[in-house]
Each structure stands twice: as structure tokens, then as C-alpha cells.
Amino acid sequence: MSCKYQSNALDIPLEVEQLPTITEHSPASLIAFPFEESFPMKCEATGNPGPEFRWTKNGEDFDPYQDPRLITLDDSGTFIIPNNGNLTEFQGNYRCFATNKLGTAMSEEIEFIVPNVPKFPKEITEPIEVMEGQSVILECNPPKGIPPLQIYWMTMSLQHIEQDERVSMGLNGNLYFSNAIKTDSRRDYCCFAAFPRIRTIVQKNAMSVVVKSTNSLLERKPSLLTPTGKESHTYLVKGEDLQLECIAEGFPTPEVEWVKIGFHKLPERAVVESHGKLLTVEMVNEEDEGKYMCRAKNPHGEVVHYFYVTVEEPPEFEIEPQSQLVTIGADVVIKCVVKGNPQPSVAWRVNGQPLNVIVFIKISCHTPENSAVYQCEATNRHGTILANANIMIMNIQPLILTENNLRYMAVEGKGAVMHCKVFSSPASILFSLSDPTRIVDPPRDLRVLAGTTIQFSCQAEFDPSIGDDFEILWEKDGMALNGIVFLDVPDPPEDVIHSEHNGRSVKLQWIPGDDHNSSITEFVIEFEESQHEPGSWRELMRVPGNHHSAQLKLHSHVDYRFRVYAINEVGRGRPSQATERYKTPASAPDKNPENIKIEGHLPHEMDINWEPLSPIEHNGPGLEYKVSYRRQGNGEDWKEHMVKRHSFLVKNTPTFVLYEIKIQAKNHMGWGPDPKIITAYSGEDFPSAAPEDVAVDVMNNTMMQVKWAHVHKDKLNGHLGGYRISYWRLRSLLDSKKTHGDKHTLTFSGERNHAVVTGLRPFSEYSLIVMAFNSRGNGPGSHPVSFKTPEGVPGEVAAFSVTSIQKHKVTLTWSPPVDANGVIIGYILQYQLINDTEEQGSLMSLNISADSNKLHLQYLEALSKYKFYLRCCTQMGCGPAVSEERTTVPEASEYGISNQGWFIGLMCAIALLTLIVLIACFVNRNKGGKYSVKEKEDLHPDLESPGINDDTFCEYSDNDEKPLKSSQHSLNGDLKGGDSGDSMVDYGDEDAHFHEDGSFIGEYSGRKDRVSMEIKGNNQSTA
């Protein structure tokens, strides 16, 4: 990266002898990032003769050519620092000088920065132990490094610590807990610091937080964890982002709000972030200066902090020294005017050598040897700026620098540009062609009705040197038009002059320009002033079109110019030439500040703010304000203070007493008019007394009325804002143990002594307090008053379900309501048929005792859909119903056998046995010597199994499986004993059935004696 100089150099061709000019150099800060291979320290310059380069480091001569570790370039001031591990010794401030025989130019200082690798110090942190509800601060203290710095709080598993209204990270990187809760306990709070420019992230050792439980959380008003104290001062540079932060501790968690003192609202660019704790204003300017306040509050009070914000500026040229080409014998004045906040110091140099000059330099240029480079350098704590001004003194005849016999291509009807570059001292006079005249907005074709008016427009551009010789002519069909009226906007007024100067009053007069056949309706007078908004023209006044002069009333101490333009029915004409300047004399202010506001954000303070006079209303230099105040009615003398800002803080005032205030403007010329006196109160404090005679009238089980006696005005310590009622539930009257439930607070504005509170829970014991409040916050609470609400109807029954569904009965179970709202006296069950027809069955009701949570409901119809409703009841009535729908099972499913585990297991076992037998039969069938069941029956006609063909496993029909009379041989020629596949004819299935309880009690009846038969090898089996 490098900086290139803007064109403040003279436009002198390099063929002509001239001073050196630096054209490029490294930026003011050059950071040696560890991942870069090298770092060029740039310095380039032009001049004739060609310049020679030299460097200084930390104000002493430095020759990069003498250090073999550095890389230098020919015909250049640039040298390169390689990244070879020894960068630290090159750290410092460098400056480049370019010199030839005419003078020396120099660059701004270039700081070469070698960053250290940031590291957290090795440390052992003890666990932080706090009681529940207390505040906690985990300090990060990140190491220093190249900005920007990014901080993250995470766990060891790289999970971000969740932040909210209670937990937040500050601008300093610390992690703040406004009040700790049990879940904050953990052993791996880690702070990570990231430095993206050097691609580095470092981690601090993990921190441990142990939050101990407590039976009672003590509520408390807020206090600030950061910033500390009542006020702080913030200084930043114009264009930076303003960030103000307030993080408070307290219980309940405080809320934070922001105001800018003296304004109805925050600046439009202000953004409140981080759950209200951070105020950001991007790209600040002078308007963002002033006094800001954060207020952290909860029901028990508030705390405030004031920020005094000052916006400063780095040095900036108001008048930058300009390079000049002058002839021998002429005088030269070089001016250097800078602004900044704080005011910059200015140092002059000539050819790099210091000069003892303050604002400007005057040179008598007798010979070319007086040519030199002058430097003006301005510095304040926010930066440094440098300008080189080349003063060339020479007499040289004109040199035409454009080549001869250049050829140009041009398009017919289009413009052409021909170059003629000339250099001379003094400047030459060039003779060239004037700009062509052309019509830029020609008339358009129109279609109109006969008898109507038409308007043609013709706008042309022409060379201003033609002046009054320019004219627009109209023709119709080649013939000049006569008797037609042409309209246009008025020409600029001429000969605009001011006269009759009488301090702040002048007379402005002018000659109207041509109105182009449309009468001028009015003239508009504009002004421009050179001090506050130079170059900006603003309307001063308007006069009728038949007036050609006006008496102007002006502000004092303003350098004015005026111009006038005319308006007719066509539109606004061009403005006239500006008049010569007229500076009105300074005078005392004409007015005093307006919109005075008195705010008392803290006791014993009174903050006075007002709308300042605009710069043009100052009427002279040295504007100040005299703030005067005194207590009303006790004969005090006025206390007076002179201030330059538009706010003043009166301290050590009594709390909330009436003051008289007045503000008067003053400048070096004198005082403004006598100011008006306004009255206002000093700062408020919290009310010091609580309402008395607090009484509660319970209206029903969810509503009560509260009455109280007013707090005396002497105890309010401010303007009464109203009253607040805080109430909390102690217990349900069904429960003897008291707890502190969530606190609810209602606000009632103004002077009142009663209020109605709704939304209570029936059959409960509550406690409440009443407190007065003002703009400072809440006063003390009254003595707590306890009261009880009567019974109400209960809530819904919990966990209602319908189970054990059978043919004619179901089982219903439930739990009591979460909100019983009284003593439960029983339940009501209702049910009805809701089969998919338009008609529904009658609604049946059943009363159930209060101590029941289960019911077996019988005598239902099989395979029918029912809807069941259950309500809980107290003495006040029954609550809402919960409902369930179920369908009873059909006859075959009466006992629910299919849902029994043992039955499912049995069926799986039978299926597995069946599969095994089928596989065995299939294998036997494919062996040699197999035979059918029918053949086996024929071999044993006397067996008692008449029905065996109906139910025997592996049954094969005669048609499908009957073998040939001669059985097939096996592959080895014989069948060994035991290899035959007997048919399973031993078991019958008569009398098998299931009992009511689902057990399988049938026996394998009709078992027959097993007949074995050995088949010898090579024998044949016969039917």
C-alpha cells in the first residue's frame, strides 16, 4: 500500500528544469505483519535534474544502501525490508527527502511498526464464589495488539456464552452478570481475543464460577458495574464511532435508558444495542457533542451516569500552500492556514530545513536561485499533515509541446478536439476557435385543435464570447415569422450593486433582464457568506416584479455577497452575477438563547440547557452566555457564570426548590438584550415517605380494590408522578408453606388514592405495598398488607386418559387440576355415544368423589364410539371440561387376547415350528425313496385316524405326490435305516380351544402309536 500525492505540483513539462516533487510514498503507518515476505518503504519523486534520495530514521540520517540486509532499487528512493527474523531493529519513524540542485522535497513521517505476538499472561485464577442474586464480573484483560481487537466469551467446547439483559460483555471485554443464578455455575468460562490483521487468536485460562443457593433473594436497587462514578469524559475524533456503555447490577435486572441532555430525543444516527446497555453513534461530528445520560432502573430505584462527549478533529488545511510559477522579480506569498481540535501547531521548512514562521511567507523573487520547496507541517494529538509547495522562479519563452502535423479523425456533425499544449513563464495567450453554436432542445411536432394556443421551445448553446451578438430566429416554411409571441424565462438581472451602506442595512438595486414576453412576477434576492457556509447561496427576501431595488436588513459581522434572479410564468431565470462583498460591522447580539430547559436528574443538582444562537446570529467574535440563577422568594443575590457551551450544571442545590433563571448572550462588542426570567425546580430526590392507611377490599376471587392516604407534598421531594402498587402471591390456601412469588407492579399516574387490581388467583394469600414515585424513582413502600381471595372454580383436570378398553367397559384415570382454586368437592363425568351419525346419544352423568382418580365405567355398547367429559368442582362451581374419545372393541376382541404378550409369543413359536416342518418335508420329498402319506396309510390300515387327511402337516394329494410302484433309488444305490421321511400322523386337533383368561388349554388329543418302518437298501415299497 502507498500514498500518491494529489496534484498540488506545478504542471511543468519534464523537459524544463524544475524542483523535485514526491509522487508516491508509504502510508503513515506501515505494519510488519508476520505472514508477509517483505515490506517496501516507498519513496518516488520527479524533477529535472532527476532527484537524489536520502532517508532519516527517528530524526537521524539513515542510509539503506549501507545495510546489506536491505534491498534497494535503482533510480528510486524505495528500499525493501525482508522478513528474515530481525525486523525489530528496523522499527522506527522514517522520512524521505528528494533533492536536486534547485531544492528538496520531503515526505510525511512513516512509522514502521513490528507487532509483538499478543499473549495472555500465565496465571492461576481462583474460583469465584457468589451467592445467588449477587453480581459477578469476569475480567478478560486482553493483551495489546494491532487493532481491531475482537473478544469472545466461550466454553471449552467453543460454545458461545449466551448474553441477554442479565449477562453481557462490556467494551473492555469483561463479562458482567447483573445478578447470578444457579445455572451460571460452570468451570469453563474462557475469554478469547482475536487480532484479525495478524491472524491470531489467543485464549485466557478458563475461569470458574460457583453460585451458591439461598432461600431468600434480596431485591435491591441498581448500581453501575461500568462506568464508575457519576460522570466521565469521552474524547473522540470526528468521523469515529461513539460508543457509550452502561452495565448495571441489581435485582430484578435493571433496564437501561438513554437521553441527550437538552434534547427531546437521541440523535437520528444513534442506535441502542446490547439489550439497551450500549449507545452507538456512527461517524460523529460536532453536532454529536454534548452531555449524555444513561439511567438504569428497576422497581426499587435507579442510578444515572453522565457522559461529557467532546468531538475533536485532526489537522486540516483551510488554506493549503500552493505551488507557484512566477517570473523573476515578482513577489510570492505562501499561506498555510490549518484548523483542528485541539488547535494544531504549525512548523515551516524550506528544502527540509526549519523556518521560524507562523502563518505565511513572503518572498521577493529576484533570481531563479530563489526557487525552493517550502513545507508546512501541522500537528495535534490526532495526527500530522504535510504540504510541499514548489516555488519556481523563471522566465522562459513559449514552448509548444504538442507534436506538429497531428491528424484528427472526426465525424460529420459531431465535435472535434484539437490539442495545443504550451508552456511559458509568464503564461502565454492562446488564440483558438470559439465553441460552435448548437440547438440542444429543438421544437417538437405538435397536433392541436384549431383555435387553441400552442407553444414551441428552442434552447441553444453558444460560446459566451459572442455576447450580445447571439440571437434566435424563427421561420415557417422558409419564411420569417412575424406577429408571433415567443415566451421564455427572464434573463438575469444586470448591474446588481449595493449602496447606501448603513452598518447592517444596505440598499440593493438592479436592472431587470429581458422578460421574453412574460411579465416578471417577482425577484428573489440570495446571499452567500464566507465564514460559516461559504459557497452556499440562501434566500434572503423576495420583492414584487415591478420593484428594482430592496432595502436589506443584515446580520452583524458577516461578509456578504448578493445575487438576484427573476421569475415569470414560464419559470425561474438564471441568477445575476454576484456583487462585490460587503462585510457588516460587528455588534452586540440581537437576541438571547431560547427554549431554556431545566432538568434535575440528581438531587442537589440543576441542569440548565438552552438552544444556542446560530453562527450567523453571533453578530461578532467571542460569543459567550451569562447564566444567572437564584432561589425564588428568599432575597438571594443572583449567582452568575460565563460559559461558552449551551449547558450549565448547578451543583449543591437544595432538593426540589424553586429557582429563577435567566441567560444572556454576550460577544466582544457587548451584551444582548435583557433576558426573560423563567422559574424551575432544582433536582428531585426519591420520595421520603410511604403512603399510609393502606386498605384492601377483596371484590371477588380475582379482583381487589386498594385505598391509601396521599403522601404529603413536603415528602415527595419532586413532582408527584403517581403511585405504584407491588403485589405478590404468598401461597395457595391449600398449601400451608409460604413462598415469595413473582412480584407484579402496577403504575397509576397523578393524584389518586385508590386503584383496582385484577388478574388475581382464587383461593390464595397475597401481600402488597404501595409507594409514591416522581421522576427520580420510587419512594419507600408502605407496610405490607396481606389479604386472601375466596374460592373460585377450578381449572382443567390434569392427565385425563381412557385405557383398558373392552367390549362393555373402559377405565378412566386423571389427576387433580394444577389450579384447584379451592377445596375440591368432587368430579362430574359425562359421556355419550357419538357414532358417525347425525344423532348423538343422550348425555349420561356420574358424580365422583373428591378423593378418586380412577373409575371403571361398565355397561357400554360393544364396537361403539363414546365421548367422555370430566370436570372438577369446588363450592363455587365446576371448572372447564376435558374430553377424550374412544371406541369399544368388538365381541371377538372382548378379552383383548391379541394384545397380550404371551399370546403374541405363542403365535410366533407356532409359526416358527410350522416353518421348520415345511422345510423338513421339502427336503424329504427331494430324497430318494420318498413316499406319500397316502401310501403310509395304506401300509397301516388299522390305525385309528379317520380324519388324518384333513389336518395332518405336510399333506400331499394322491394326484400330486403319488410315486411310481417301484420307488426310486438313491444316488448311492441304497437307503439306510432312519433315512425315510415318515409322515406326521401322530397328532389330532380335536377339542382345542382358548379359555376366557387367554390361556391355551387344549391338548393334543387322538395321539396314535407311532409305526416305524425300516426300508432296506434296494427294496421296493409297495402301496
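Among the residues of segment 219-277, just one is open to solvent by less than 50 Å² (accessible area, probe 1.4 Å), among the charged types (D, E, K, R) and closer than 15 Å to Glu289 by Cβ, namely Lys260.
Summed over segment 23-47, the residues that are assigned to a strand (DSSP E or B) and open to solvent by 30 Å² or more (accessible area, probe 1.4 Å) give a count of 7. Can you tell me which residues in segment 356-381 are open to solvent by less than 60 Å² (accessible area, probe 1.4 Å) and modelled with pLDDT of 85 or more? Across segment 356-381, the qualifying residues are Ser371, Ala372, Val373, Tyr374, Gln375, Cys376, Glu377, Ala378, Thr379, Asn380.
Scanning segment 614-621 turns up at least one residue that is under 27 Å from Phe527 (Cβ atoms) and free of Cβ contacts under 8 Å to residues at least 24 places away in the same chain.
Annotation note: Cβ proximity below 6 Å between a residue of segment 562-578 that is within 11 Å of Phe523 (Cβ to Cβ) and a residue that is at pLDDT 95 or above and charged (D, E, K, R) (sequence gap 6+ or interchain) occurs for Arg563/Glu526; Ile567/Glu522; Pro575/Arg563; Ser576/Arg563. Please specify each residue of segment 599-615 satisfying the condition of being part of a loop (DSSP other than H, G, I, E, B) and open to solvent by 60 Å² or more (accessible area, probe 1.4 Å). Hit for segment 599-615 is His604, nothing else. Within segment 502-521, if we keep just the residues that are in contact with a strand residue (DSSP E or B) (Cβ under 7 Å, 6 or more places away or on another chain) and farther than 28 Å from Leu473 by Cα, the residue that is surrounded by the most Cβ atoms within 10 Å (Cβ to Cβ) turns out to be Leu508. Does segment 199-206 contain at least one residue that is touching a helix residue (DSSP H, G or I) at 6+ places or on another chain (Cβ under 7 Å), over 24 Å from Trp728 (Cβ atoms) and either open to solvent by less than 80 Å² (accessible area, probe 1.4 Å) or without any contact (Cβ under 8 Å) to a residue 12 or more places away in the chain (or both)? Checked against the condition, which is being touching a helix residue (DSSP H, G or I) at 6+ places or on another chain (Cβ under 7 Å), over 24 Å from Trp728 (Cβ atoms) and either open to solvent by less than 80 Å² (accessible area, probe 1.4 Å) or without any contact (Cβ under 8 Å) to a residue 12 or more places away in the chain (or both), segment 199-206 yields no hits at all. Screening segment 767-814 for residues that are among the aromatic types (Phe, Trp, Tyr) and in contact with a Lys or Arg (Cβ under 9 Å, 6 or more places away or on another chain) and picking the one that is farthest from Leu734 (Cα to Cα) gives Phe773. Please determine whether any residue of segment 741-753 is closer than 24 Å to Ile825 by Cα, aliphatic (A, V, I, L, M) and either open to solvent by 40 Å² or more (accessible area, probe 1.4 Å) or at pLDDT below 95 (or both). Looking through segment 741-753, none of the residues is closer than 24 Å to Ile825 by Cα, aliphatic (A, V, I, L, M) and either open to solvent by 40 Å² or more (accessible area, probe 1.4 Å) or at pLDDT below 95 (or both). Tyr629 falls short on exactly one of the conditions (1) open to solvent by 70 Å² or more (accessible area, probe 1.4 Å); (2) at pLDDT 90 or above, and that condition is (1). Cβ separations smaller than 6 Å between residues 6+ apart or across chains give the following pairs from segment 166-180 residues that are within 12 Å of Cys191 (Cα to Cα) and in a loop (DSSP other than H, G, I, E, B) to residues that are open to solvent by less than 10 Å² (accessible area, probe 1.4 Å) and among the hydrophobic types (A, V, I, L, M, F, W, C): Gly173/Cys140; Asn174/Cys140. Any idea which of Glu44, Glu24, Glu52, Glu17 is under 23 Å from Gln324 (Cα atoms), of a type outside the set (Ser, Thr, Tyr) and touching a Gly at 6+ places or on another chain (Cβ under 7 Å)? Among Glu44, Glu24, Glu52, Glu17, only Glu44 is under 23 Å from Gln324 (Cα atoms), of a type outside the set (Ser, Thr, Tyr) and touching a Gly at 6+ places or on another chain (Cβ under 7 Å). For Glu162, state whether it is free of Cβ contacts under 8 Å to residues at least 40 places away in the same chain and either closer than 17 Å to Val210 by Cα or touching a His at 6+ places or on another chain (Cβ under 9 Å) (or both). So Glu162 does not fit the description; no.
Here is a yes/no grid of residues against (1) in a strand (DSSP E or B); (2) not aliphatic (A, V, I, L, M):
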| residue | (1), (2) |
| --- | --- |
| Val202 | yes, no |
| Asn205 | no, yes |
| Val210 | yes, no |
| Thr214 | no, yes |
| Leu217 | no, no |
| Pro222 | yes, yes |
| Leu225 | yes, no |
| Thr234 | yes, yes |
| Glu240 | no, yes |
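Being assigned to a loop (DSSP other than H, G, I, E, B) and buried (at least 17 other Cβ atoms within 10 Å of the Cβ): is that true of Pro321 here? It is true that Pro321 is assigned to a loop (DSSP other than H, G, I, E, B) and buried (at least 17 other Cβ atoms within 10 Å of the Cβ).
Quick grid of which residues meet (1) under 23 Å from Asn609 (Cα atoms); (2) β-branched (Val, Ile, Thr); (3) in contact with a strand residue (DSSP E or B) (Cβ under 7 Å, 6 or more places away or on another chain):
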position	(1), (2), (3)
Ile261	yes, yes, yes
Leu278	no, no, yes
Gly290	yes, no, yes
Lys297	no, no, yes
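Cβ-Cβ contacts under 9 Å between residues 6 or more apart (or on different chains), taken from a first residue in segment 529-555 that is over 17 Å from Val496 (Cβ atoms) and modelled with pLDDT under 95 to a second residue that is open to solvent by 50 Å² or more (accessible area, probe 1.4 Å) and among the acidic types (Asp, Glu), are listed as His555/Asp590.
Okay, residues lined up against (1) small (Gly, Ala, Ser); (2) surrounded by 18 or more Cβ atoms within 10 Å (Cβ to Cβ); (3) more than 30 Å from Val304 (Cα to Cα); (4) under 47 Å from the mean Cα position of the chain (by Cα):
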{"position": "Phe527", "(1), (2), (3), (4)": "no, yes, yes, yes"}
{"position": "Gln531", "(1), (2), (3), (4)": "no, no, yes, yes"}
{"position": "Trp537", "(1), (2), (3), (4)": "no, no, yes, yes"}
{"position": "Ala550", "(1), (2), (3), (4)": "yes, yes, yes, no"}
{"position": "Gln577", "(1), (2), (3), (4)": "no, no, yes, no"}
{"position": "Asp590", "(1), (2), (3), (4)": "no, no, yes, yes"}
{"position": "Lys597", "(1), (2), (3), (4)": "no, no, no, yes"}
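Once segment 252-292 is narrowed to residues that are of a type in the set (Val, Ile, Thr) and out of contact with any Leu (no Cβ under 8 Å at 6 or more places or on another chain), the residue that is nearest to Ile596 (Cα to Cα) is Ile261. Exactly one residue out of Ala180, Ala194 is closer than 26 Å to Met131 by Cβ, surrounded by 15 or more Cβ atoms within 10 Å (Cβ to Cβ) and not basic (Lys, Arg), and it is Ala180.
Screening Arg95 on (1) among the charged types (D, E, K, R); (2) more than 30 Å from Leu386 (Cα to Cα); (3) open to solvent by less than 50 Å² (accessible area, probe 1.4 Å); (4) assigned to a strand (DSSP E or B) shows it passes everything except condition (2).
The set of residues in segment 140-166 being of a type in the set (Asp, Glu) and surrounded by fewer than 15 Cβ atoms within 10 Å (Cβ to Cβ) consists of Glu162, Asp164.
The values are calculated or read from the model by the stated rules, or taken from the named source; none is laboratory data. From a predicted model like this one, the values you see are computed outputs, not experimental measurements. Neighbour counts are summed over all protein chains in view; Cβ atoms, including those assigned to glycine, are modelled from backbone coordinates with ideal geometry. Areas reflect the complete protein model, heavy atoms only, side chains present, ligands, DNA and RNA absent. Shrake-Rupley method; radii C 1.70, N 1.55, O 1.52, S 1.80 Å.
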